[in-house]
Structure formats: structure tokens, C-alpha cells
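The values are calculated or read from the model by the stated rules, or taken from the named source; none is laboratory data. What you see is a predicted model; the values in this text were computed from it and never measured. So basically every Cβ, Gly included, is an ideal-geometry build from the backbone, and we count neighbours across all protein chains shown.
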Amino acid sequence: RGFLRWTWRLTYIAALGGVAYLGWGIYIMRNPAEQAMPDPSKKTLVILGTGWGSVSLLKKLDTENYNVVVVSPRNYFLFTPLLPSCTTGAIEHRSIMEPIRNFLRHKKVAVKYYEAEATKVDYEKKVIYVNDESEVKGEISSTEVPFDMLVVGVGAENATFGIPGVREHACFLKEVGDAQKIRNRIMDCCETAIFKDQSPDEVKRLLHMVVVGGGPTGVEFAGELQDFFQDDLKKWIPDITDSFHVTLVEALPNVLPMFSKQLIDYTEKTFKEETITIRTKTMVKNVTDKYIEAESTGPDGRKVVEKIPYGLLVWATGNAVRPLVKDLMSQIPAQKDSRRGLAVNEYLVVKGTENIWAVGDCAIANYAPTAQVASQEGAFLARLFNQMAKTEEVETELKALSEKQEKAPNGEARNAVLNEIKELQKRLRRVKTIGPFEYSHQGSLAYIGSEKAVADISWLTGNLATGGSLTYLFWRSAYLSMCFSTRNRVLVCVDWVKAKMFGRDVSRV
Ligand code: FAD
Ligand code: NAI
């Protein structure tokens with residue numbers, strides 16, 4: 001009895017502690033402390049972008065060491081792994097966005113943020129040209145930002161490989177606006193398909209949802225869309241039940257090439273059960289407003305070109321280099337052989353420069369363009385910059401002490417200065433020992449629909465490949481814990497509960 005009473009008391013105290021901790025966290029979040037102003041004598045560090053790489057750098061950077069300026073057209077951080085869920089309303093887009101202002105306001109020393117697009121980096125002049133691309137323009141909407149140090153974290157744009165019609169007719173899935181557009185298009189296709197007197201062929205076309213690209217973006221979107229149809233669409237719009245169909249088109253012999261063979265087979269089997277058609281070895285060559293032209297290779301090796309009609313076309317064929325990055329590469333002779341982005345060394349310094357670093361999808365460091373890589377690179381740069389600042393501080397102190405030593409009379413006073421110098425030299429050696437960037441791969445995860453996920457996880461002794469409903473629970477908890485803030489976590493949980501209780505919202509805005 002005594003034991004039970006104590007257990008109960010301890011649980012009660014722990015729960016109270018938990019609530020108090022959460023309350024304190026929310027209070028601190030809502031009431032940021034006074035911020036010091038940056039010291040103009042310090043170096044200006046300009047960071048381009050507010051994505052995974054740049055925000056991870058900003059999170060760990062001691063802002064008192066530099067004059068930090070952030071330039072990005074997006075005044076929020078976007079948790080991309082849950083973006084496919086926003087296309088169907090399983091998660092509301094604002095739940096995975098974190099305003100950059102909230103986050104920067106909590107830094108010890110203020111950081112300047114400009115909502116603008118960098119249009120050009122002038123490497124020689126150490127200047128960035130920026131443009132306000134938003135709807136509301138002031139008297140000045142383009143200007144220059146000088147830098148001493150620059151971090152390029154602008155990510156990548158959507159690859160189209162110059163295929164005609166893609167930009168005009170397809171939807172991409174990279175930004176919040178893309179997810180909103182897809183969500184509206186899905187509903188538009190459904191409502192238009194049941195418009196009075198629509199012909200059966202047209203109904204079939206409008207309800208054919210085609211996804212091009214069998215990488216994780218395409219697979220996750222196809223899974224989410226089929227869930228939407230199974231759980232909600234066919235319930236509220238029964239007329240579409242027989243014609244709604246999802247097709248995934250992939251040029252390679254299989255989907256999810258970065259996953260193990262076992263998980264590729266599992267994904268293809270699951271898609272078959274979900275009635276999603278996978279068309280592998282099929283390369284899209286042309287896109288019109290109503291159909292795609294795709295070339296496939298038959299079992300006899302013969303190539304066949306066919307027209308595939310669609311209502312919604314989602315294009316997820318990977319990354320391409322942004323014009324800003326291409327232009328910067330063209331200014332640096334050492335980048336002339338680089339094609340896929342800014343070639344960097346093991347300290348993420350852009351090759352051929354001394355004061356420019358690159359992180360994430362715009363940097364080529366022999367890793368896949370993933371959030372995992374970008375965030376580790378950002379955290380590494382923060383450590384590097386913090387150490388560099390400390391090194392400079394110690395070196396300045398050393399210089400002052402050396403001068404003092406020269407002026408000091410012989411004897412005890414001089415010895416004291418010498419001892420101080422030795423101590424500082426030891427500190428300097430410690431501070432300077434930052435190793436090169438090493439990526440630690442934690443594994444790959446992807447949602448494949450019908451509450452199943454696949455995971456290739458790096459384990460103590462090797463790799464663990466797993467797929468199914470338990471993996472789905474792991475997928476959910478892993479991504480929930482990785483969300484940017486407590487606020488995001490709470491909002492995502494609420495969205496999941498809301499979608500389970502009331503279904504996804506099928507209105508079009
Ligand atoms: P981004 O996060 O794309 O950020 C780029 C930033 O630069 C943005 O703020 C943008 O506004 C800004 N910018 C663009 N142009 C300019 C300019 N001219 N001037 C200034 N700023 C500019 N990876 C995983 O590891 N796991 C996942 O589960 C996963 N899921 C994904 C799901 C989807 C749908 C997508 C699209 C990607 C997913 N990824 C995932 C990949 C991951 O999102 C990217 O690798 C990651 O976002 C790269 O980070 P980044 O900082 O390089 O670029
Ligand atoms: P991707 O580059 O991984 O896959 C694109 C696919 O499109 C390729 O398999 C390619 O063969 C195919 N393709 C290209 N052109 C084609 C054409 N004309 N016709 C048919 N198929 C064509 O791109 P994705 O999925 O956008 O991912 C980009 C990056 O983001 C990757 O590094 C990926 O790992 C990462 N990511 C990771 C996720 C996760 O871990 N869950 C989720 C989403 C993205």
C-alpha cells in the first residue's frame with residue numbers, strides 16, 4: 001500500500017513537473033528576452049536561405065561573434081518531410097511552417113532578416129544583389145548587401161530536363177504553394193469529373209492522377225493521394241469511385257532506388273494492393289494540357305510511345321541547380337567542371353574561394369540531397385564559425401600579450417606574462433582542432449500509403465530494413481520528434497487527430 005501511495009505521488013509530481021516545464025517553455029517562447037544589438041566592428045556573415053541547411057546553422061551559431069544577415073524570400077522554415085501530407089489536407093500547411101522571425105528573436109544578439117531573393121552574388125566585390133519579390137513593394141525593392149563571409153543555402157529547383165510542357169502543365173511538390181495547388185487541383189478534378197453530361201472518357205481522364213518520378217517524393221505523394229481517395233473522397237463523392245486512379249511513372253526499372261531491394265519489392269507489392277499502378281521503365285518525353293507522352297521498353301526490348309491522359313499531373317523528378325548558383329559557379333574558375341551544384345571541400349568551403357561556404361542541396365559534397373545531410377552540414381558550419389571566432393579572439397589576446405612581454409622588465413613580471421602566453425597557446429591549439437565535416441547517415445524513411453512505411457535504418461551492427469504498420473508508427477514518431485518546435489509538434493498531432501475523427505476536408509478554396 002505504502003509503495004502504491006509513493007508511486008502515485010511520484011507520478012503526480014512528475015506530471016506536475018512536465019506541465020510546469022511545458023508552461024515555462026511556452027512562456028519563454030512567447031516572451032523573448034531583450035536582445036543585444038550586433039557589434040558593427042565584427043565581420044558580416046550573410047546567410048542565404050531559410051531551409052534545412054541555413055536554419056540548422058542559425059540554430060547553433062553564437063550570433064554575438066558576427067553581424068549576421070539572413071536573406072530569403074521565404075520568411076519561415078518548412079518541415080519538408082511532412083509536405084506530401086499537406087497535399088490532401090491530412091496535415092494543414094501552417095502546422096509544418098515555423099516563422100523565421102519567432103526563431104531569430106530568441107538569438108542572444110539580433111540577426112537582420114530581409115525577405116528578398118538574392119539575384120546575384122558578386123564574388124569579387126563581396127556583394128549580394130537582392131530583390132523584394134513580394135506583392136507589396138516599397139520605394140526601394142532592390143538593393144545590395146555586402147558580406148565578409150557568405151553561406152549559400154538556397155537549395156535546388158525542380159528538374160524538368162527541358163521536357164516540353166512540364167512547367168506549363170504539371171504541379172511540383174517542393175514548397176507550401178505547390179501543396180496547396182495540388183490540394184485544390186485534386187478537388188477540382190473530382191468536381192469537374194461529375195459535372196453534368198461529362199462523357200465517360202473525359203471522366204476517366206479527369207480522375208486519372210499521374211505522378212512522374214518514383215523517388216521518395218513521388219512515392220509518398222502517390223500513397224497519400226490513394227489514402228485520401230480510400231478514406232474520404234469515395235465516401236463523400238461516391239460517383240468517382242469507379243474511375244479514380246493513381247499511376248506512378250518511373251524511368252528506371254524500379255521505384256525508390258536508394259532503398260534496399262527487399263523494401264523496393266515491399267513498396268511495389270503494397271502499391272499493387274492499394275491499386276496504384278506503377279509504370280517502370282517508362283520515360284516521359286512530352287507533356288500537353290491533357291496527356292503525357294511516355295516511352296516505355298517492352299519485354300522484347302522494343303520502345304513504344306504512348307499517350308497517357310491525365311487530370312492531375314505531379315512532377316517529382318528530383319533537383320536542378322538554381323540560376324543564382326549557376327551564375328556564382330561561372331565566376332569561379334575552380335567550379336568550371338562542376339555541373340550539379342557548388343563543389344565544396346571537406347570544410348564546406350566553396351572550392352576556389354576563401355570566404356564562401358555552401359550547405360544543403362546547392363552544395364556537392366558526395367552526399368544525397370536530403371534534409372538529413374543539409375541539417376548536419378548547417379550544424380557543422382555553426383561549430384566551425386563559433387571556433388573561428390574563438391580562435392580570432394585568442395589570437396588577438398596573444399598579440400597583445402606578446403607586445404606586453406616585450407615591454408615588460410626582466411624577472412618575475414616577464415615570467416608571469418610568458419606563463420599567460422603559454423596558457424593561451426594551449427587554448428589556441430585546443431580551439432583550432434576542428435576536424436572536417438563527416439556525415440553520419442541515420443537511415444531513410446518513406447511513407448507508402450495505407451498506414452505503412454519503409455525504413456532503412458543504420459543500426460549498431462549494420463543496416464535494418466523494415467516495412468509495414470509498425471514502421472509507420474516509427475515514421476510518425478520520428479518525424480514528430482524532428483519537427484522544428486513544440487508548437488509544430490502540437491499542431492501536427494492535432495491535425496492527425498482531426499483527420500482521423502472528421503476526415504480530410506474536401507472543400508476547394
Ligand atoms: P531548402 O530546404 O530547399 O531551403 C532553401 C532555402 O533557400 C529556402 O528558404 C528558399 O526560400 C531559399 N532560397 C531559394 N532561392 C533563394 C535565393 N535566390 N535567395 C535567397 N534565398 C533563396 N529529406 C530527408 O532527409 N527526409 C525526408 O523525409 C525528406 N522529405 C522530403 C519531402 C519533400 C516533398 C521534398 C520536396 C523534399 C524532401 N526531403 C527530405 C529533401 C529535403 O527537403 C531537402 O534535401 C532539404 O530541404 C535541403 O535543404 P536546403 O537547406 O539545401 O534547401
Ligand atoms: P529523386 O531524384 O529521388 O527521384 C526522381 C525520379 O524521377 C528518379 O527515380 C528518376 O529516374 C525519375 N525520372 C526522372 N526523369 C523522368 C522522366 N522523364 N520520366 C519518368 N521518370 C523520371 O527525386 P525526389 O523524389 O524528388 O527526391 C529529391 C531528393 O529529396 C532525394 O535526394 C530524396 O532522397 C530526398 N527526399 C527524401 C525523402 C525521404 O527520405 N522520405 C522524401 C522526399 C525526398
State whether one or more residues within segment 377-400 are touching a residue at least 40 places away in the same chain (Cβ under 8 Å) and in contact with a Gly (Cβ under 6 Å, 6 or more places away or on another chain).
yes
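Kindly evaluate Phe147 against the criterion of being in contact with a strand residue (DSSP E or B) (Cβ under 9 Å, 6 or more places away or on another chain) and either within 16 Å of ligand 2 (Cβ to nearest atom) or β-branched (Val, Ile, Thr) (or both). So that I can check it myself, show each step before the final result.
Details: in contact with a strand residue (DSSP E or B) (Cβ under 9 Å, 6 or more places away or on another chain): yes; either within 16 Å of ligand 2 (Cβ to nearest atom) or β-branched (Val, Ile, Thr) (or both): no.
For Phe147, the condition - in contact with a strand residue (DSSP E or B) (Cβ under 9 Å, 6 or more places away or on another chain) and either within 16 Å of ligand 2 (Cβ to nearest atom) or β-branched (Val, Ile, Thr) (or both) - is not met.
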Wholly inside segment 127-246, helices (runs of 4 or more DSSP H) that include 1 or more residues that are under 22 Å from Pro73 (Cβ atoms) and modelled with pLDDT of 95 or more are 166-169, 176-193, 216-228
When both residues are 6+ apart or on different chains and their Cβ atoms are under 7 Å apart, which pairs have a first residue that lies in segment 290-303 and is basic (Lys, Arg), and a second that is more than 16 Å from ligand 1 (Cβ to nearest atom)?
Lys290/Arg205; Lys290/Pro309; Lys303/Glu295; Lys303/Thr297
Going residue by residue through segment 252-263, is there one that turns out to be free of Cβ contacts under 8 Å to residues at least 12 places away in the same chain, within 29 Å of Ile91 (Cα to Cα), more than 10 Å from ligand 2 (Cβ to nearest atom) and not basic (Lys, Arg)?
no
Filtering segment 183-216 for residues that are crowded, with 23+ Cβ neighbours inside 10 Å and either outside the structural domain of Val255 (by TED's automatic domain parsing) or closer than 23 Å to Met283 by Cα (or both) leaves a count of 9
Checking Met388 against (1) part of a loop (DSSP other than H, G, I, E, B); (2) of a type outside the set (Lys, Arg); (3) more than 12 Å from ligand 1 (Cβ to nearest atom), the condition it does not meet
(1)
Given (1) within 16 Å of ligand 2 (Cβ to nearest atom); (2) touching a strand residue (DSSP E or B) at 6+ places or on another chain (Cβ under 7 Å), Ala368 misses just (2)
Restricting attention to segment 301-315, does a residue exist that is modelled with pLDDT under 95, assigned to a loop (DSSP other than H, G, I, E, B) and either more than 23 Å from the chain's Cα centre (by Cα) or within 16 Å of ligand 1 (Cβ to nearest atom) (or both)?
yes
Selection within segment 247-261 - among the polar types (S, T, N, Q) and either at pLDDT below 95 or in a loop (DSSP other than H, G, I, E, B) (or both):
Asn254, Ser260
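Answer yes if at least one residue in segment 459-469 is part of a strand (DSSP E or B) and of a type in the set (A, V, I, L, M), and no otherwise.
Initially, segment 459-469 is screened for residues part of a strand (DSSP E or B), giving 463-468.
Keeping just the survivors that are of a type in the set (A, V, I, L, M) gives 464-465.
The answer is yes; a qualifying residue exists.
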Given the options Ala446, Ala478, Ala465, name the one that is surrounded by 14 or more Cβ atoms within 10 Å (Cβ to Cβ), in contact (Cβ under 8 Å) with a residue 12 or more places away in the chain and more than 17 Å from the chain's Cα centre (by Cα).
Ala465
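Quick check, is Pro146 assigned by TED's automatic domain parsing to the domain that holds Lys43, under 21 Å from the mean Cα position of the chain (by Cα) and not hydroxyl-bearing (Ser, Thr, Tyr)?
Details: assigned by TED's automatic domain parsing to the domain that holds Lys43: yes; under 21 Å from the mean Cα position of the chain (by Cα): no; not hydroxyl-bearing (Ser, Thr, Tyr): yes.
So Pro146 fails the test.
The rows are residues; the columns are (1) in contact with a strand residue (DSSP E or B) (Cβ under 7 Å, 6 or more places away or on another chain); (2) without any contact (Cβ under 8 Å) to a residue 40 or more places away in the chain; (3) within 28 Å of Gly51 (Cα to Cα); (4) surrounded by 15 or more Cβ atoms within 10 Å (Cβ to Cβ).
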| position | (1), (2), (3), (4) |
| --- | --- |
| Ile457 | yes, yes, yes, yes |
| Ser469 | yes, yes, no, no |
| Cys483 | no, no, yes, yes |
| Val494 | no, no, yes, no |
Filtering segment 269-291 for residues that are more than 18 Å from Phe244 (Cβ to Cβ) and part of a strand (DSSP E or B) leaves a count of 6
